[in-house]
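Visitor: Would you mind keeping the following structure in view while I ask a few things?
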Amino acid sequence: MNNCLKLTPVVEPTPLPVNYGGQITGFDNTSNHWVIDAEFNANCAVNLLVKPCIGDKVCFIQCDNHYYITQLLARDTSHETITIQSDKKVHWLAPEFKLTAFDNLEFISLNQITITSKNYMMSAANTMLQQAESLLQQVGKFSLTAKGLLRTNAKQQIITAEKDVRIDGERINMG
């Protein structure tokens with residue numbers, strides 16, 4: 001009887017490249033690379049969403065004869081803004097997501113902003129301003145309440161109802 005125990009070969013993962021450290025000293029516009037220690041040209045790793053700045057201390061690796069910035073370690077205090085940047089589409093997926101800004105929060109899109117929700121609430125403590133070339137609102141029921149003056153102003157206004165129009169007030173001025 002020939003009993004041989006066959007062992008599967010041990011598969012080893014590819015070793016990780018060595019981390020290097022340095023300081024960003026420039027940006028090469030022709031190659032779109034960050035320059036580290038005035039010596040090494042590096043791209044940002046895909047997961048590095050914070051845009052580097054000149055003067056940042058970074059970790060970088062060499063992989064396939066290219067350098068990649070993998071982490072930002074420190075930033076000079078003269079740079080007050082952290083910019084999130086990606087050349088890929090970004091999709092955040094989480095059970096709950098909050099954006100909090102204590103001074104200003106600004107959303108800018110050069111094309112379209114879409115907000116979809118089962119329940120939608122918008123409030124402002126002081127002033128809310130809407131400006132648009134055209135504003136279309138389609139609702140099942142619409143209730144508008146003002147504690148003080150409610151004013152609508154237009155060159156022409158049309159009020160249409162299928163059944164009744166009711167105007168109720170202590171005094172009604174028409175004309």
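Bear in mind that the values in this text are calculations on the coordinates, not laboratory data. For clarity, every value in this text was computed on a predicted model and none was experimentally measured. As a convention, Cβ positions derive from the backbone with ideal geometry for all residues, glycine included, and neighbour counts pool all protein chains shown.
Visitor: Give the shape of segment 19-74 as rounded, prolate or oblate, defined through the alpha-carbon gyration tensor: a ≥ b ≥ c are the square roots of its eigenvalues, a/c under 1.5 means rounded, and otherwise the shape is prolate if a/b is larger than b/c and oblate if not.
Guide: Rounded, since a/c falls under 1.5.
Visitor: Order of Ile54, Ile24, Ile113, Ile61 from fewest to most other C-beta atoms within 10 Å?
Guide: Lowest to highest Cβ neighbour count: Ile113, Ile54, Ile61, Ile24.
Visitor: So, one more: Under a Cβ-Cβ cut-off of 13 Å, what is the net charge of the residues other than Lys51 that fall near it, where Lys and Arg count +1 and Asp and Glu count -1?
Guide: In short, -1.
Visitor: Could you give the length gained on full extension between Ala154 and Phe102, defined as 0.36 nm per residue of separation minus the Cα-Cα distance, in nm?
Guide: 15.1 nm
Visitor: Full-extension gain between Lys141 and Gln71, please, as 0.36 nm times their residue separation minus the C-alpha to C-alpha distance.
Guide: 20.0 nm
Visitor: Take the cross-link list Lys89/Lys118; Lys118/Lys141; Lys57/Lys88 and give me the ones stretching past 19 Å between alpha-carbons.
Guide: Pairs exceeding the cut-off: Lys89/Lys118; Lys57/Lys88.
Visitor: Here's another thing I want to ask about it. At a threshold of 8 angstrom on Cα-Cα distance, excluding pairs fewer than six apart, so keeping six or more, what relative contact order does the chain reach in percent?
Guide: Once divided by the residue count of the chain, the mean separation gives 13 percent.
Visitor: Taking a spot 7 Å from the Cα of Leu16 along the direction of its beta carbon, which residues of segment 57-92 have an amide N less than 20 Å from it?
Guide: 57-74
Visitor: Which one, Thr25, Thr114, Thr127, has the greatest fluctuation when you compute a Gaussian network model over the chain with C-alpha springs under 10 angstrom?
Guide: Fluctuation is largest for Thr127.
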